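Let me begin by presenting the structure, written as C-alpha cells, before commenting on it.
Every read-out reported here was derived from the displayed coordinates using simple, explicitly stated rules and does not represent laboratory data. All values derive from a computational prediction rather than experimental measurement. In this analysis, Cβ positions are derived from the backbone assuming ideal geometry, glycine residues included, and neighbour counts consider all displayed protein chains.
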Amino acid sequence: MVDSLSCTPLSKEGGAGSLVEKDLTKETLMTDPSDNRYARMRAWFMAIVWRRVFADMFARVTFSVATGMLIEMGIAGMSLQQSLFSRASNLPLVILLARPYGAFRDWVVQKCNAPKSERLVRWALVNTVTYTVFFVPQYACVLWLEGATGDQILKASGSIAVFSVLLGAMYGEWLDVCRHRLFGIQKKG
C-alpha cells in the first residue's frame, strides 16, 4: 500500500491494522527478496543493463558492416560476395566485443573528463585513441589466427590504425546516437 500524499510505501504491522512506514535503506531494498520493491528494482536495473548491451551490439554490428564493406570493396577491391562473407564470419567477434568496448570507452571518456557537450576536440581524440587501442590488437589477433605472416599483420594492422583515426570519432558519435536516440538511454551527468 502507498501513502497518497508522500508516495511512501507503507506496511501493516502491529495490532489493529496500524500502518507503519517501512525502513527504505539501501540494505533493505537490496537484500529483502520477499519484498516486491526488490523485484521491481532488480527488473528495472536489468532492463537498463540489457538495453545498453543491445544498443552497443546494434551500434557495433551496423558500423562494422558499413565501414568494413566500404573498406573491403572500395579500397581492397573485394567483390560483394567476398565482403559479405567476410562480414558474416566476423559477426560473432563483433557481437562478443561490442559491450566490452562500450564499457571501456565510457570508462576512458569519464577518466579523461571528456564529455562531448563540453570538450568536443578532447572527446573526439579520446574516442579515436580508445577505438585504436581496443580494435587494432583484436584485428592483429584475428589475422594471426587466420595464418597471416608477421609482415602481413604489421602492414594490415598499420593500415587499420590509420583508418582508426577517422573511424574512432565517427563510431563514438554513432554509438551515442544508438544509445540515446534509438534505445532511449539517458546521458550520464
Separation between the M46 and Q82 pseudo-spin-labels, each 7 Å from Cα along Cα→Cβ, expressed in nm? 4.6
Note, the range 148-160: 3J(HN,Hα) by Karplus (6.51, -1.76, 1.60, θ = phi - 60°), whole Hz, Gly/Pro = x, goes 5, 6, x, 5, 4, 5, 5, 5, 5, 5, x, 5, 5
Taking the Cβ of D56 as the center, what net charge do the other residues with Cβ under 12 Å away carry, scoring Lys and Arg +1 and Asp and Glu -1? +4
Given H placed 1.01 Å from N in the peptide plane, which residues other than close sequence neighbours of F183 have an amide H under 5 Å from its amide H? none
